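To keep things clear, I will list the structure first and then write my remarks on it.
The values are calculated or read from the model by the stated rules, or taken from the named source; none is laboratory data. No experiment lies behind these values; they were computed from the predicted model shown. Every residue, glycine among them, receives a Cβ derived from its backbone with ideal geometry; neighbour counts consider all protein chains shown. Ligands, DNA and RNA are stripped out before the accessible areas are found, and what is left, the full protein with its side chains, is counted by its heavy atoms. Shrake-Rupley method; radii C 1.70, N 1.55, O 1.52, S 1.80 Å.
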Amino acid sequence: MNTSASWRTQMLDGQNDGKSTLCNLVTTWWSTRSNEVISRSSAHCGADHTQAFLFADMCKPEEVVQPLSRNGAVDTGSERRKLVTLKELKEHNTPGRAWAAVHGRVLDISDFSKRHPGGDVILLAAGRDATVLFETYHPRGVPSSLLDKLEVGQMEECSALQSFYSWDSDFYKTLRKRVVARLEERGLPRRGGPEIWTKALILMTGFWFSLYKMYTEEFLFAAMWSTIMGVFAAFIGTCIQHDGNHGAFATNQLLNKVAGWTLDMIGASAFTWEIQHMLGHHPYTNLLDLDEEKKKEIGVDSPMEEKDQESDPDVFSSFPAMRMHPEHKAEWYHRYQHIYAPLLFAFMTLAKVFQQDFEVAMSQRLYHIDASCRYGSFLNVARFW
């Protein structure tokens, strides 16, 4: 286990993915209310840690949505719960052997994934501390009776990960309740809806019609239609597949899965996208593991078990070409990055399609993130190829 102090900093994030997930709405609102950079240092296995959260005052409501409380005891009634180490948790990281830790409770989600209302997206939590995923994807909470049935043990106190987030604050509980109430007040569904489906129909029709014209027209017109097809493909990637893979395109699991697979249709891997976006960017927006960044500077790649999962690959993956975090060293050319960013990101997309997706499928790893939760399945790997 890594006992060195891990420093992470979170910048304000102005991103709002719309109503595709409540997760990003809550994260963005929380960040923009703070008006300050949030810093945190921690040491593993019981060492002292400090947190500083500077938020605007917010009055408490009459009723507060309570998050799942962490049970520090290892006895539930007459049944003794198993103590699980972090190493053991990470070993249960495949669809067939999937454990997830939530507030210190270890849940076996292997069989439950087949009847999970949100589909097999729950398997992304396999082999990791999934507390942030649990809290942000279930704004109405989860029945304790269900969690009791899934629980197979408790995390050892020394093995429990020290998180950037604190779930004891009344701010988050109040915010979560008010966001849900606001959606209900406006009559907006949290998943699906006529607007999303109409937009999807227009984008899919435009994409396939452009593709057809690209193959049937003369060169100059074919070039024009290929450009138009690229625009439709970009919107499919940022809208249809995004909502589908988040489980927000519809309430039906199959429709969400089909919508998510449209990313494969335009050339990239939905599995790899899930790993980076849903396990890296969304839960840890703009967080950066500075210890790991310092090691990279001297050419050291830490073992996977020592890497901190609370780090956003969207922040560090484009450095040093793009500077997305104040802790990264500023170079003279970064003052012009707003000019060359579109071209750079275009080439990065090609690199993802022709290189990164294949590397992740074969290595079952994306940067610091274990990708076995998807590519640990033979059927998933076969579908990828």
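For the listed peptides 336-345, 112-121, 372-381, a ranking on the average number of other beta carbons within 10 Å per residue, highest first, reads 372-381, 112-121, 336-345. Its residue count N sets the reference 2.2 N^0.38 Å, and the alpha-carbon radius of gyration of the stretch 193-267 equals 1.17 times that reference.
Which percent of the accessible heavy-atom area of the stretch 272-384 goes to carbon and sulfur, probe 1.4 angstrom? Of the solvent-accessible surface of the stretch 272-384, carbon and sulfur hold 62 percent.
According to the Kirkwood relation over distinct C-alpha pairs, the hydrodynamic radius of the stretch 264-367 is 14.9 Å. Bridging of K296 to lysines at a Cα separation below 30 Å is possible for K87, K90, K307, K329, K352, once same-chain residues fewer than 8 apart are set aside.
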